[in-house]
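Heads up, the thing below is written out as structure tokens.
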Amino acid sequence: MKKSLIIFLTICLTILSSACKNTNTNEQVETKEQLPPEPSVTQHTLPEKSKPFEKLISDDVTDIKIMESSLKSEITLSEDDSLHMIELINKLVITRKAEKEVRLGQMVQIILEKSDNTSVILKCFSPYLIIDDVWYEAEYEPLENVDQFANEIIKRS
């Protein structure tokens with residue numbers, strides 16, 4: 001009698017366990033289906049060790065503005081400053097995608113108004129280059145050159 005009860009309970013537990021596993025799998029699938037679609041990879045990620053603005057030329061840009069976090073207004077760059085800024089931006093190298101983090105300090109924001117009526121917002125916050133709110137680690141020297149030039153423009157204004 002005890003053996004049959006143990007066998008019966010073992011079978012019931014096995015069936016119950018199997019049913020629970022199937023239920024979890026179905027719930028996971030349903031949850032996945034309810035999630036919004038992933039954003040386009042090309043919009044949000046760049047290859048490691050790349051120069052995302054290497055082919056940017058002055059004809060691609062109609063206006064460049066700088067905003068430093070403590071300023072209340074934007075500074076529009078002159079034509080000469082814009083050309084120099086484009087040269088510096090061409091040399092920016094990202095090394096890998098990074099996680100967004102909370103940091104204290106000065107952040108220079110550069111707004112590129114493009115000739116196709118779009119804009120790109122670059123934020124320099126060493127060691128990070130933030131492109132349209134996507135964080136990347138960047139090589140120090142090119143990033144520092146952009147940051148220094150932007151700060152020179154801010155000091156002149």
For the stretch 112-150, give me each residue that is over 20 Å from the mean Cα position of the chain (by Cα) and under 20 Å from Val93 (Cβ atoms). Glu141, Asn145, Gln148, Phe149, Ala150
Going by the structure shown, is Leu83 farther than 17 Å from Lys55 by Cβ and over 16 Å from the mean Cα position of the chain (by Cα)? no
Quick one: how many residues across the stretch 76-114 are farther than 19 Å from Glu152 by Cα and either at pLDDT below 95 or assigned to a strand (DSSP E or B) (or both)? 13
Only one of (1) modelled with pLDDT of 95 or more; (2) more than 22 Å from Asp63 (Cα to Cα); (3) touching a strand residue (DSSP E or B) at 6+ places or on another chain (Cβ under 8 Å) is not met by Tyr140, so which one is it? (3)
Take the stretch 58-88 and flag every residue that is more than 17 Å from Asp133 (Cα to Cα) and β-branched (Val, Ile, Thr). Val61, Thr62, Ile64, Ile75, Thr76, Ile86
Which members of the stretch 106-146 meet the condition of being of a type in the set (Asp, Glu) and crowded, with 16+ Cβ neighbours inside 10 Å? Glu137, Glu139
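The values are calculated or read from the model by the stated rules, or taken from the named source; none is laboratory data. Note that the structure is a prediction, hence the values are computed from the model and not measured. Quick reminder, even Gly has a Cβ in these numbers, built from the backbone with ideal geometry, and neighbours come from all protein chains shown.
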